[in-house]
Amino acid sequence: MFSDTHFHFQNMTENRGVDGVAVLTSMAERGCRFGLDIGTEADDLLRREYCLEKAITAMEFGAAQKARDFVYFSAGIWPSVDEIRARAERIEVLKGQIEAAAKDENQDTLHRKIVALGEFGLDHHWNPSGVDGRCESDFDDKTYFGEQELFEMQLNLARDMKLPSIIHSRDAFEDTLECIKRVGNHDGIIHCYSYGLEEAKKFLDLGWYISFSGSVTYTKKSKMDAMLELLRYVPQDRILCETDSPYLAPVPHRGEPCSPVLVEHTYRFVAQARGVSLEDLCETVDKNIDQLFFQNR
Ligand SMILES: [Zn+2]
């Protein structure tokens, strides 16, 4: 139960003080089937693996075995200005990192378990004082088109590698749609979905999965009806839940560092909106995870 398709374990444990051993142990105890640690930089995979490996090694044997089974990795380049500018070189670094991991036959490491490319995409949310420090002034024409190019390079790479994509798209709906249509790769997740119902229909029609994070639990009152309608609309075979830990902690933990354990609150909220039991929603999401990441790969 309570799989989480999107978290940043190293960021959560090393920068936000979350106890990684306790989190993984609790996930194991609750029968978690799948937890996906997400990459944001071309060369962060080894660091992230080391961080998770260290936590798993410190766990009790039984829970550690379970964590080894349910933890998976993605690798990808989040569109920071630096990564956009160095994109030609960085995409090669990313490729090399994934290929090296695939060749590693050491069964004791978590190396083999790269199941997706991401997160990557487009972000036009300007908040210079936020964690990502994004400024509109950094986005001249060159950067703006460079961001799209980096996005499309990764969509193409994902297709070449036969991996699903984890798409980050914020305040950039039209451009996102244009890029994915141009490449014609519609295999993956629109993560932390933040648009409305009409936009969701466009992604769903193309074949994308929609993943909801804790942000659905603190929807503004004036937008709640629309949110509930959206949560009810997404078809059973395309819905996922995630945390994006350490960000976006759901109600009643808003403002705290988030961890995958808190994904339960998002499941509860979504299940209630859809009029299904918590167990049913967990089962639905696990089925979708199996379909997306493991079947026909
Ligand atoms: Zn993320």
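Annotations for the structure displayed:
- In terms of overall dimensions, the C-alpha atoms belonging to segment 143-297 reach 39, 35, 29 Å along their principal axes, ordered largest to smallest.
- Length-normalised contact order for segment 29-127 - Cα pairs under 8 Å, 6+ apart - percent: 38 percent
- Relative contact order of the chain: 20 percent, from C-alpha pairs under 8 Å at least 6 residues apart in sequence.
- Sorted from greatest to least, the principal axis extents spanned by the alpha carbons of segment 4-130 come out as 45, 37, 21 Å.
- Convex hull (Cα only) mean projected area of segment 56-210, reported in nm² to one decimal: 11.0 nm²
- log₁₀ of I(q)/I(0) at q = 0.17, 0.18, 0.23 Å⁻¹ - segment 119-191, Debye sum with one point per alpha carbon: -0.62, -0.69, -1.03
- Relative to one another, the C-alpha centroids of segment 155-202 and segment 255-297 are positioned 20 Å apart.
- Solvent exposure of Met153, expressed as accessible area, is near 50 Å², computed with a probe of 1.4 Å over the protein chains only.
- Each peptide in 69-78, 92-101, 277-286 receives the mean, over its residues, of other Cβ atoms within 10 Å, and ordering these scores from highest gives 69-78, 277-286, 92-101.
- Percent carbon-and-sulfur accessible area, segment 174-297, ignoring ligands, DNA and RNA, probe 1.4 Å: 47 percent
- Percent of Cα pairs in the chain per distance bin of 10 Å, from zero to the largest separation: 6, 29, 38, 23, 4, 0.
- Entry comment: accessible area of the chain is 45 Å² per residue, from protein heavy atoms only and a probe of 1.4 Å.
- Where labels lie 7 Å past Cα in the beta-carbon direction, separation of Ser222 and Arg182 in nm: 3.5 nm
- For segment 8-19, Karplus couplings with θ = phi - 60° (6.51, -1.76, 1.60), whole Hz, Gly/Pro x: 10, 5, 5, 4, 5, 8, 8, 9, 10, x, 7, 7
- Proximal lysines relative to Lys221, as straight alpha-carbon distance under 27 Å, when same-chain residues fewer than 8 apart are discounted: Lys201, Lys202
- Counted over the chain, the DSSP beta bridges are approximately 5% antiparallel.
- Solvent exposure, largest accessible area first (probe 1.4 Å, DNA, RNA and ligands not counted), of Glu178, Glu199, Glu89: Glu89, Glu178, Glu199
- Contact order for segment 160-260, expressed relative to its length and based on alpha carbon pairs under 8 Å spaced 6+ residues apart, stands at 23 percent.
- Estimated distance in nm for a label pair at Lys162 and Arg268, the labels positioned 7 Å out from Cα along Cα-to-Cβ: 4.2 nm
- Given in Å, the Rg to one decimal and the Dmax to the nearest whole number for the Cα atoms of segment 17-65 are 11.5, 33.
- Helical runs assigned H by DSSP (4 residues or longer) give the chain a calculated mean residue ellipticity at 222 nm of -13500 deg cm²/dmol, each run adding -39500 (n - 2.57) before division by the residue total.
- Volume per residue that the Cα convex hull of segment 196-266 spans, once the total is divided by residue count, Å³: 88 Å³
The values are calculated or read from the model by the stated rules, or taken from the named source; none is laboratory data. Computed from a predicted model, the values in this text were never measured in an experiment. Ideal geometry is used to build each Cβ from the backbone, glycine not excepted, and the neighbour counts take in all protein chains shown. We work out accessible area using only protein heavy atoms, side chains counted, and drop any ligands, DNA or RNA first. Shrake-Rupley method; radii C 1.70, N 1.55, O 1.52, S 1.80 Å.
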